[in-house]
Every structure is written in C-alpha cells, then in structure tokens.
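Okay, so here's the structure we're looking at.
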Amino acid sequence: MNVSQLLENEYSGHFGTYIKEAGDGKLIEELEISLHDFIRFVQNIPMDKFDYRYAEGKWTIKDIIQHIIDTERIFAYRALRFSRFDQTPLPSFEENDYANNTNSNGRSIQELLTELSAVRHSTLLFYKSLSEEQLKAIGTASNNPISVRALGFVIIGHQKHHQKIFEERYL
C-alpha cells in the first residue's frame with residue numbers, strides 16, 4: 001500500500017503535511033528504509049552539532065531525535081487503538097512539554113539511535129500483523145480523522161520532516 005492509495009477520508013488537517021513528506025513507497029518498506037536512511041544520516045553528523053541550537057530556545061539534534069521517538073510511540077499507540085476499532089477520540093499532545101521533560105541531552109547519540117531503532121522495530125512488527133480491514137480503520141486524533149495506514153505514513157513523514165530541518169538549520 002502506497003500513499004497514493006489513501007482515500008480522501010483517511011486523513012485531514014496537519015496530518016497531510018507529514019503524509020506528503022513520506023514519499024510514495026510501500027508502507028512496510030518505507031518504515032524500514034527510512035529508519036536505516038535516518039540512522040546513516042545522523043551517524044554522519046559531526047559530533048559537535050548534536051548539542052547545537054541554531055537559536056535561543058530551539059531544540060538540539062538530540063532533543064529532536066527524542067521528539068521523533070516520543071511521537072512515533074504516540075502515533076503507533078493511536079494506530080493500535082484504531083486498529084482495534086476503538087472509536088474514542090484521542091487528544092493532541094503538547095510536544096514542548098514532552099521535550100522539556102526528557103534527558104535527551106544527557107544521553108549519547110548511540111543510545112538515542114538504539115531507542116529509535118527499537119521503537120521502529122516494534123512499529124514494524126505491529127504494522128506487519130494487521131489485516132487490510134484493520135489498516136483501513138479510522139479514528140479521531142487531534143480532532144481530525146485518520147486511518148491506521150495513514151498514521152504509518154505520518155510516522156515516516158514526520159521523521160523525514162525533521163531530517164530536512166537538520167539539513168536546513170543545523171548543518
């Protein structure tokens with residue numbers, strides 16, 4: 001299943017921004033490839049850049065990697081709920097509250113990449129376990145409808161979005 005196969009009713013709002021970033025590869029393949037590409041990209045960043053902030057109050061690269069990890073966990077949890085046909089609307093989350101309450105800058109880059117890899121492998125196993133019916137299930141998150149399969153592409157696009165930010169503002 002590719003992004004181009006998503007139906008109009010499967011997502012709306014700010015989710016579309018990340019879905020556009022995901023590209024048009026197959027969901028499972030892109031979840032795998034994007035992880036490997038991201039790790040390779042981060043491993044080539046000079047060590048002195050990981051704690052760099054391009055402006056006062058902005059996140060470091062380590063902060064952003066932790067944000068990617070936290071966000072993937074949240075999106076995968078939403079996908080789990082919706083794949084089980086739980087129709088309870090799920091709230092948004094305040095990303096700055098999460099970022100302000102981590103120890104990302106006290107961790108090594110290798111620890112962060114290992115955690116990201118573990119989270120992604122869990123996400124992959126989850127998505128591989130789903131039926132077509134479960135993948136098409138739609139729930140409400142952040143006051144917007146979104147399908148389980150669209151959430152998978154959001155996870156990919158969110159990561160790619162932040163990789164672009166690294167390239168544009170940190171390197």
Go through (1) part of a helix (DSSP H, G or I); (2) hydrophobic (A, V, I, L, M, F, W, C); (3) within 22 Å of Leu130 (Cβ to Cβ) one by one and return the number of the condition Ile65 breaks. (3)
Leu80 fails exactly one of (1) aliphatic (A, V, I, L, M); (2) within 22 Å of Ser12 (Cβ to Cβ); (3) open to solvent by 60 Å² or more (accessible area, probe 1.4 Å); (4) over 17 Å from the mean Cα position of the chain (by Cα), namely (4)
In the list Arg107, Arg73, which residue meets the criterion of being surrounded by fewer than 20 Cβ atoms within 10 Å (Cβ to Cβ), in contact (Cβ under 8 Å) with a residue 40 or more places away in the chain and more than 15 Å from the chain's Cα centre (by Cα)? Arg107
Answer with yes or no whether Gly13 is part of a loop (DSSP other than H, G, I, E, B), open to solvent by less than 70 Å² (accessible area, probe 1.4 Å) and out of contact with any helix residue (DSSP H, G or I) (no Cβ under 9 Å at 6 or more places or on another chain). yes
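Looking at region 138-157, which of the residues that are open to solvent by 10 Å² or more (accessible area, probe 1.4 Å) and in contact with a Ser or Thr (Cβ under 9 Å, 6 or more places away or on another chain) is farthest from Asp48 (Cα to Cα)?
Looking at the filtered set, the residue picked out is Ile138.
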Consider Thr123 against the criteria (1) among the polar types (S, T, N, Q); (2) touching a Leu at 6+ places or on another chain (Cβ under 7 Å); (3) surrounded by fewer than 16 Cβ atoms within 10 Å (Cβ to Cβ): it satisfies all of them except one. Which criterion is unmet? (3)
Failed condition for Glu132, given (1) in contact with a helix residue (DSSP H, G or I) (Cβ under 6 Å, 6 or more places away or on another chain); (2) more than 24 Å from Asp51 (Cα to Cα): (1)
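The values are calculated or read from the model by the stated rules, or taken from the named source; none is laboratory data. If you're wondering where the values come from, they're calculated on a predicted model, not measured in any experiment. So basically every Cβ, Gly included, is an ideal-geometry build from the backbone, and we count neighbours across all protein chains shown. Note: areas computed on protein heavy atoms with side chains; ligands, DNA, RNA excluded. Shrake-Rupley method; radii C 1.70, N 1.55, O 1.52, S 1.80 Å.
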